[in-house]
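Participant: To start, I am sharing the structure in question, which I have written as structure tokens.
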Amino acid sequence: MPAEVRYVAIGDSFTEGVGDELPDGTVRGWADLVAQGWADSRGEAISYANLAIRGKLIQPIVEEQLERALALRPTHLSFNGGGNDMLRPRTPISRVADVFSRVLRRCDEEGVTMIVLSGANPSAQLPLSGLIQRRGDELSREVTERIRGRDDLVVALNWPDAELSHTSFWSEDRLHMNSRGHHRVAARVLEALGETPPADWWRLQEPDSAVALGRGRYFREHLGPWLRRRLTGTSSGDGRQAKYGDWFSVEPRNV
């Protein structure tokens, strides 16, 4: 019998699944896809929880989600954070990486296999693209250095994936991946786990429903509200609860 899998995900909008909206308005995202793909590949049900909440900085992610996740006694914990911190130029990248190291240490202490992800690179399509690229590169280097020689980790790095930076993988807000992007990330995670993802997840052939917004509309609908939240100290995640705060069983599909 295969060993039991209990997988919990923590993080921000990337892990919550923002950008991969289903017809009923709920979000899915790469972590949900990994849970289903993992069960399908194994042919066995897995337990899954997702505590990620959009808009969170890396420190609140760890303070609010990490110990709650570990209390579930998972076998695997995925962590990604720092994307929102990276967009704040005054936040030292080394401080972000220090928080990552804290998560790694706690997983080691609890005997949990950590799934390490870096986010995809949206910089080419965003204002201040050069600054975002440099800070993302720096964070990627810091994290890579801290996991050097750790063959016991599951590592799925998306920042270096140049193809994933193409606009066809991103939603109209230019900051979150669309369904194609989330499927490609899920395929990378499953492959890193030693499982077999559906081949079409790497380049999902879905109609491109994203709207190429003009400068004015993009500012009104996305950049402007984002800037207002920064100025007022609010977050898109304020008042939100984790979508899967406790275990539920993901059954394999007949594939």
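The values are calculated or read from the model by the stated rules, or taken from the named source; none is laboratory data. Only a predicted model underlies this, so the values are computations on that prediction, with no experimental measurement involved. Note that we place each Cβ from the backbone using ideal geometry, even for glycine, and neighbour counts take in every protein chain shown. SASA here: full protein model, heavy atoms, side chains in, ligands and nucleic acids out. Shrake-Rupley method; radii C 1.70, N 1.55, O 1.52, S 1.80 Å.
Participant: How many residues does segment 37-68 hold that are closer than 18 Å to residue 110 by Cβ and basic (Lys, Arg)?
Facilitator: So the answer is 1.
Participant: Please find, among 202, 247, 226, the residue that is touching a Ser or Thr at 6+ places or on another chain (Cβ under 7 Å) and either surrounded by 11 or more Cβ atoms within 10 Å (Cβ to Cβ) or modelled with pLDDT of 95 or more (or both).
Facilitator: On inspection, the qualifying residue turns out to be 247.
Participant: Something else about it: Pick out the one residue from 116, 62 that is in contact (Cβ under 8 Å) with a residue 12 or more places away in the chain and either touching a Cys at 6+ places or on another chain (Cβ under 9 Å) or crowded, with 22+ Cβ neighbours inside 10 Å (or both).
Facilitator: 116
Participant: Give segment 77-107 a look and list any residue that's touching a strand residue (DSSP E or B) at 6+ places or on another chain (Cβ under 8 Å) and either surrounded by fewer than 21 Cβ atoms within 10 Å (Cβ to Cβ) or of a type in the set (Phe, Trp, Tyr) (or both), or say none.
Facilitator: Scanning segment 77-107 gives 79, 100, 104.
Participant: In segment 126-166, how many residues are in a helix (DSSP H, G or I), closer than 21 Å to residue 204 by Cα and touching a helix residue (DSSP H, G or I) at 6+ places or on another chain (Cβ under 7 Å)?
Facilitator: Residues of segment 126-166 that are in a helix (DSSP H, G or I), as a first pass: 129-146, 163-165.
Still in the running and closer than 21 Å to residue 204 by Cα: 163-165.
This time we only want the ones that are touching a helix residue (DSSP H, G or I) at 6+ places or on another chain (Cβ under 7 Å), so: 164-165.
Residues meeting the conditions: 2.
Participant: Restricting segment 1-29 to residues that are closer than 15 Å to residue 183 by Cβ and open to solvent by 50 Å² or more (accessible area, probe 1.4 Å), which is nearest to the chain's Cα centre (by Cα)?
Facilitator: Among those that are closer than 15 Å to residue 183 by Cβ and open to solvent by 50 Å² or more (accessible area, probe 1.4 Å), it is 28.
Participant: Here is a check on your reading of the model: is residue 238 at pLDDT below 65, of a type outside the set (A, V, I, L, M), within 20 Å of residue 121 (Cα to Cα) and not in a helix (DSSP H, G or I)?
Facilitator: Considered against the rule, which asks whether it is at pLDDT below 65, of a type outside the set (A, V, I, L, M), within 20 Å of residue 121 (Cα to Cα) and not in a helix (DSSP H, G or I), residue 238 comes out as no.
Participant: Let me ask another. Out of (1) open to solvent by 10 Å² or more (accessible area, probe 1.4 Å); (2) not in a helix (DSSP H, G or I), the odd one out for residue 32 is which?
Facilitator: Only one criterion is unmet by residue 32, namely (2).
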